[in-house]
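Undergrad: Have a look at this one.
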Amino acid sequence: MDFEDRVARRYDLTDEEGRLWAPGLGDLVRLRTWDIFDRFLPPSGVVVDVGGGPGAHAAHLAQQGYHVVLFDPVEKHVELAKTRAAESSRWTFEAMVGEARQLPLDDESCDAVLLMGPLYHLVDAHDRELALQEARRVLRPGGKLLAEVISRYAWVMDGSMKGRLDRPGAFDNFQVNIESGLSKDPAKFTDGEFWGYLHRPEEVHAELSLSGFGAIELIPIEGFAWLLGDLEHRMNAPESLLRAIRLTEAEPSMIGCSAHIMAVGIK
């Protein structure tokens, strides 16, 4: 089973649209991501959303006035994104099938590139390098890259939070996560499971730097807050919690406790 088959099958069986709108954690991820967009994207221009899924981020950014082009390798996602884009003239955007390693765009044609999935679904370092080089190619000088990764210990924290530590094989899988960065031992992979690569913070920083990006910043998306037992309740009035996460986001020791990390770089 190659990379595309694993990922496509996963998304055939799961609701990616629902993930970002789920009460509690979905709200946290979505609102924190949009807060990071507000602070780090250029004020206007062309944004390319690579691996943009059903278009939640694309619609949000289009509504903010950006010209958004979405690419995703999963046809189901592209169809959902097209439907969303057609719902209202307030958030119209383009959506088409495509993937991070080969973008059908001209050199230096974009102001920002989002990689909100490719850097963890591309488990081979060479493929991630190709994706980053493509992003840099299509960016104008001074353009921004915002690339999301999953942190190396996310599976351990998630299993602890959900009471799954006593499940058979749990610690064997954690060892695979920590030693190889893979979400699962390839020999034990089951059709439909999540397949991805888990980064250490310093590793994603190095990947962006080697691909020619500068002024790199790492921002925890969920921060510590995703581990709170009463998260769903807190997200009913999220302003104070979001403020607390932002207060701690620049502390290096806090980055690795986030499930997702946003790496920001400039061409």
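Undergrad: In whole Å, how far is the Cα centre of the stretch 233-259 from that of the stretch 143-210?
TA: Centre-to-centre (Cα) distance: 21 Å.
Undergrad: When only Cα pairs under 8 Å and 6 or more residues apart are kept, what is the percent relative contact order across the chain? Please report the intermediate quantities before stating the final value.
TA: Details: 494 pairs, mean separation 54.8, N = 267.
For the chain, the relative contact order is 21 percent.
Undergrad: Follow-up. When Leu227, Leu241 are ordered from fewest to most other Cβ atoms inside 10 Å of their Cβ, what list results? Spell out each step's value before the answer.
TA: Values: Leu227 15, Leu241 19.
Listed from fewest to most nearby Cβ atoms, that is Leu227, Leu241.
Undergrad: Order these by the 10 Å Cβ neighbour count, fewest first: Met161, Met116, Met262.
TA: Numbers: Met161 15, Met116 21, Met262 24.
Ranked by crowding around the Cβ, least crowded first: Met161, Met116, Met262.
Bear in mind these aren't lab numbers, they're just calculated from the coordinates by the rules spelled out. These numbers come from a predicted model, not from an experiment. Counting neighbours? That spans all protein chains shown, and the Cβs are built from the backbone with ideal geometry, glycine included.
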